[in-house]
Amino acid sequence: MALLQISEPGRSDVPHERRLAAGIDLGTTNSLIATVRSGIAETLPDAAGNHLLPSVVRYFPDRPPVVGIEAIEAAVVDPLNTIASVKRLMGRGIADIQRIGNRLPYEFDEGDTGVPRIRTSGGVRTPVEVSADILRVLKDRAEAALGGLLTGVVITVPAYFDDAQRQATKDAARLAGLKVFRLLNEPTAAAVAYGLDRKTESVFVVYDLGGGTFDVSVLRLTQGVFEVMATAGDSALGGDDMDATIARWLLEGRAGSVDPGPGEVRGLLRVARQARERLTLEEAVEIRLEGTGVTRTLTRHELNTLIDPLIERTLGPCRRVLRDAGLVLPQIAEVVVVGGATRMPRVREKVAEFFGRPPLTDIDPDRVVAIGAALQADVLAGNKPDAEMLLLDVIPLSLGIEMMGGLVERLIPRNSTIPVAKAQEFTTFKDGQVAMAIHVVQGERELASDCRSLARFELRGIPPLPAGAGRVRVTFQVDADGLLSVSARELTTGIESQVVVKPSYGLTDDEIERMLRESLEFAHEDVAARTLREQQVAADRLLQAVAAALVADLDLLVPGERETIEHAMGALTQARAQTDPEAIRKAIAVLDRVTQGFAARRMDAGVRRAVAGRHVEEFEP
Amino acid sequence: MPITLTEVAAERVQRFLKGRGKGEGLRLGVRSTGCSGKAYVLEFVDQANPEDLVFESQGVRVFVDPKSLVYLDGTELDYGKEGLNEGFRFNNPNVKGQCGCGESFSV
């Protein structure tokens with residue numbers, strides 16, 4: 001008969017309608033899946049009792065791929081078809097890969113889409129597909145362990161992952177047949193696992209030293225929402241480097257100076273790793289070198305001396321995040337350690353010493369991220385009596401409106417957590433302007449024409465006022481489902497107009513990726529274009545103002561002044577038509593200078609008109 | 001007949017209660033639903049209802065409402081594994097038939 005779990009009071013499920021949810025830590029070296037059962041979050045083991053699934057996939061021409069330990073063992077004999085550390089390739093373009101490609105043994109195929117493809121005997125595979133194969137194994141494991149289909153999952157990603165990398169992770173999940181409730185930042189998941197989300201507003205540090213990567217993040221909790229204040233790290237530093245250091249030490253003690261063969265190196269790394277793990281509990285271990293009859297003793301003290309330089313390298317990024325976040329040590333409420341290498345007493349010691357407090361270590365550092373993800377998944381599946389955690393999601397591309405000259409004013413920057421609302425005031429551009437067109441755009445480029453147009457609407461009924469005096473407040477609001485509503489309100493009359501749009505509507509993942517790539521590629525040209533447009537807009541504004549003044553107060557001009565002004569206006573109009581922002585700026589300065597006397601006289605006249613027929617006493621305070 | 005827990009089940013319940021950080025005990029119940037008519041309820045108890053009957057087995061307090069007791073009389077709650085899956089199992093002497101998956105039953 002079916003096996004049941006204990007539910008929260010009043011939350012028993014209808015049979016066959018259980019909302020099974022899981023949290024997945026899709027790691028560079030290892031992946032895990034965890035779930036909440038009978039109120040406790042725990043990682044799920046495979047049939048052999050292993051919780052960690054090595055993130056390695058081996059492809060075959062004639063049968064389905066294998067994932068995990070079995071694939072790792074084949075990495076040596078079949079390196080081209082055995083894909084490891086695919087997380088480093090997620091959401092990357094061909095160009096990025098070529099930069100780091102020297103270190104990767106795989107054969108890449110340039111597709112027509114710009115997405116890197118790895119040639120294997122099982123066919124050409126994209127990083128997304130390789131990740132999907134890993135996720136599929138975890139999904140099957142969870143569904144076997146839970147006795148049902150998963151309703152949805154929460155997958156963790158590094159805090160520094162950009163939208164393309166996040167989108168690639170979501171695509172991998174979709175390919176594996178998983179519904180993603182949400183992507184969660186890894187340090188946030190670790191904090192959630194320790195229940196830090198139930199604390200009051202405070203700041204936490206998450207120190208994550210894994211097999212091959214080091215990340216340190218500063219999180220700020222405000223009203224139940226975690227915000228990543230700063231991250232830093234080293235993408236090539238971890239437990240593997242410690243093993244290599246120990247292996248070198250072992251080699252030094254070996255008789256003879258023959259370079260070890262690849263097989264010997266692997267063996268050395270394995271015994272190094274075992275020795276390092278045993279020294280977590282023991283004070284000294286004996287290491288027997290296979291085939292040599294040599295036995296060496298490694299003490300914890302010697303180990304510490306060997307690895308201290310590596311641990312020291314993690315402290316630089318620690319200092320950097322604190323500086324970036326603008327924090328000093330006493331402001332840190334808790335330090336959480338994540339990653340297998342933080343099991344080592346020396347690492348904990350150094351972390352405690354640096355941050356001035358012992359880190360939280362109760363939860364297995366290999367599993368803490370998956371456990372936090374499982375807790376969040378449980379809430380999102382609706383298995384908790386009340387939503388105990390606020391929803392954390394981010395918008396993939398910045399949202400803004402088009403201003404005069406086609407420039408974009410960003411109201412909500414990309415990666416803002418949603419729900420979010422931002423408002424900004426805009427002024428009228430022309431005298432007597434009674435309407436304003438609001439053009440809502442999405443993207444990272446400086447010019448609206450390079451961004452994606454989401455919606456246009458008009459605000460009518462602005463009272464006729466001089467340029468700059470009519471004020472319109474534009475509010476952007478993105479709800480928890482990513483729906484954007486934009487409203488515009490004229491502040492003196494209170495008239496309002498609004499529109500609702502779905503920001504990512506119609507944008508395929510490829511398009512989002514392309515838009516992000518372009519924003520980086522064109523950053524330089526964009527800035528130049530923006531400078532030019534800004535000067536052009538300033539020129540237009542000044543030309544209009546001066547023209548209006550000439551019509552209104554012709555009698556205030558002194559002889560010859562009109563010609564000078566008109567000459568300067570002509571020069572500016574000419575410069576405005578060209579593309580040199582500097583020339584426009586100079587022409588603006590000239591026109592500004594020659595109209596100064598005129599402007600002063602107009603102001604005096606204005607004041608005289610305003611006070612005409614009144615007594616001085618009226619202006620006494 | 002009382003409602004009982006096996007030693008394994010009791011040990012699990014204790015652990016889950018401890019992990020949850022609060023709770024008076026365990027509620028066993030039955031409600032009408034499912035393909036065979038009745039389904040089990042297995043929940044933590046934060047507050048007992050006045051009409052609840054309370055049993056104590058292996059150090060765990062078990063709460064049952066009188067209507068459910070009719071169907072659960074003499075039931076033993078066990079904990080076990082099936083492949084990778086693990087969870088609680090109702091050994092209920094009153095059951096005459098159950099649906100294929102065992103999540104609902106008839107008496």
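With both labels modelled 7 Å from their Cα along Cα-to-Cβ, the B:E7 to A:Q596 distance reads 9.8 nm.
Here the dipole of segment A:25-92 is about 280 debye; that uses its Cα centre as origin and unit charges on the Cβ of Lys and Arg (positive) and Asp and Glu (negative). Counting other Cβ atoms within 10 Å as a rough exposure proxy, the listed residues A:R276, A:R473, A:R609 run A:R609, A:R473, A:R276 from fewest neighbours to most. The relative contact order of chain B, computed from alpha carbon pairs under 8 Å that lie at least 6 residues apart in sequence, is 32 percent. For chain B, the square roots of the Cα gyration tensor eigenvalues, ordered a ≥ b ≥ c, give a/c of at least 1.5 with a/b no greater than b/c, which places it in the oblate category. Using 7 Å Cα-to-Cβ label points, what is the A:N50/A:R63 separation (nm, one decimal)? So the two model labels end up 1.7 nm from each other. Per residue of A:35-41, other chain Cβ atoms within 10 Å of the residue Cβ number 5 on average.
Positive-end ranking of A:L550, A:M603, A:P581 along the dipole of segment A:524-611, with charges on Cβ about the Cα centre, is headed by A:M603. As a length-normalised measure over Cα pairs under 8 Å and 6 or more apart, the relative contact order of segment A:286-372 settles at 22 percent. Protection proxy ranking for A:594-607, A:420-433, using the average of other Cβ atoms within 10 Å per residue and placing the highest first: A:420-433, A:594-607.
Its relative contact order, with pairs defined as Cα atoms under 8 Å and 6+ residues apart, puts segment A:524-611 at 38 percent.
When the listed pairs A:K139/B:K67; A:K170/A:K350; B:K18/B:K81 are checked against a 28 Å cut-off, the alpha-carbon distance exceeds it for A:K139/B:K67; A:K170/A:K350. Of the trypsin sites (Lys or Arg not before Pro) found in segment B:12-80, those that fall in a DSSP loop while having at most 15 other beta-carbon atoms within 10 Å are B:K22. Once the chain from A:D109 to A:T417 is taken as fully extended at 0.36 nm per residue, the excess over their C-alpha distance is 107.3 nm.
Values in this text are rule-based calculations from the coordinates and carry no lab data. All figures in this text were calculated on a predicted structure; none of them were measured in a lab. Neighbour counts are summed over all protein chains in view; Cβ atoms, including those assigned to glycine, are modelled from backbone coordinates with ideal geometry.
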